[in-house]
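What follows is a single structure, written as structure tokens, with notes after it.
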Amino acid sequence: MNAPLTASRATRKIPVTILTGFLGAGKTTLLNYILHENHGRKIAVIENEFGEVGIDGDLVLASETEEIYEMVNGCVCCTATVREDLVRIVRQLVERPDRLDHILVETSGLADPYPVAQTFFIDDPISREVNLDAIVAMVDAKHIGAHLDDIRLDGVDNQAVDQIVCADRVVINKVDLVDEADVAALSERIRGLNATAEIVTSSYARIDLTSILGLGAFEATRKLMEIGDGSGHSGEHAHDHHAHDEHDHGHDHHDHHDHDDEPDHLHDPSVGSVGIAVDAEVDLAAFERWIAELRETHGEDLFRMKGILAVKGEDDRYVLQGVHSLIEFRPAQPWNTEPRSSRLVFIGRDLDRTALNERFAACLAD
Ligand SMILES: Nc1nc2c(ncn2[C@@H]2O[C@H](COP(=O)(O)OP(=O)(O)OP(=O)(O)O)[C@@H](O)[C@H]2O)c(=O)[nH]1
């Protein structure tokens, strides 16, 4: 039912935070932290995932008070249907009688947050109901350097750079994996890309939520989008326009609204995903051997691995998490009565689909 908006309801827009960050930076870890923190806010989370097989929904731990919505699979920044799905979900959320305090949109690790942010300004009536609060970019202190330096990108966007350039706040996560000098050097580097965003650090995404929610970077962001009325202040959250333009390899940010599914900019075409989903169990030792082998041979080009697997003889689901050569494979919640199945997704450069499928098949239990 579309209840007419009361004046107070219409004027109190729901703040939306866009959470961005390269593959494996720790966005889902942050969501889990937020969803289970006792902060007294009613928050809805919208997820977008890049990868042939959806895993993220299951990696977010159920919470009684907050809700999780998944956008159709595909990259939200370059696929019109995914953006339409985002708008549809937000519309549903704002029409609910129980008012939300905050909406958090997690974009896929390869997304450019810019067109996503624009959705909230141009797609009225949504723009009358929600306020873009801020774009928060999370970076992996250990791995971001290599992605910023990616020399193999030629004429296509470097999403890792774009995400930082767009941000109102940058969270340097995984500081437990590096030393202080590395954090200082990385902060310096981030400063070079984005002169104004405040930088905070975290380990396992444990951050004071007031440092990422309710920032009110809206006015400055309006300015960034160039649809402001000139009243937007250029205070502490103002974006560095020029920094972005320097890294703007052929984006057309004003043209994202076309209702076709043609990307309006180029992702690195050599980066893709291979998904595997089978109603079968794996042999633990064989699977672990294969993962160790992948770490040795493909640690650099395998940006991300995620999986939920049924292991023969084990009651618990096994969760696979990999970011380059840092790989975890461990038991999580029990399957109970749910059908046992194995799903995994690889995201990386020049992936060999046939080889991955064959090697996985060889790990299945008899
Ligand atoms: N050592 C360490 N590991 C972390 C930290 N934060 C997250 N991780 C691990 O890094 C891996 C990736 O974390 P996620 O939260 O799934 O990353 P993401 O940004 O959602 O990844 P995508 O879905 O691929 O975009 C997981 O294995 C996490 O447990 C941290 O601060 N330190």
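Coordinate-derived values only; no laboratory data. Here the structure is a predicted model, which means the values were calculated and not measured. Backbone-built Cβ (ideal geometry, glycine too); neighbour counts: all protein chains shown.
Out of every Cα pair in segment 271-361, what percent are spaced more than 21 Å from each other?
Details: 1028 of 4095 pairs.
For segment 271-361, the share of Cα pairs beyond 21 Å comes to 25 percent.
Between Arg41 and Ala185, the modelled label-to-label distance comes to 3.5 nm, taking each label 7 Å out from Cα in the direction of the beta carbon.
Straight-line reach from Lys27: taking Cα to Cα under 18 Å and skipping same-chain neighbours fewer than 8 places apart, the lysines in range are Lys142, Lys174, Lys306. The Val87 and Leu209 beta-carbon pair, evaluated with R₀ = 25 Å, returns a calculated FRET efficiency of approximately 0.45.
Just the ratio, please: alpha-carbon radius of gyration of segment 100-210 over 2.2 N^0.38 Å, N its number of residues.
On the way: Rg = 15.1 Å, N = 111, 2.2 N^0.38 = 13.2 Å.
It is 1.15.
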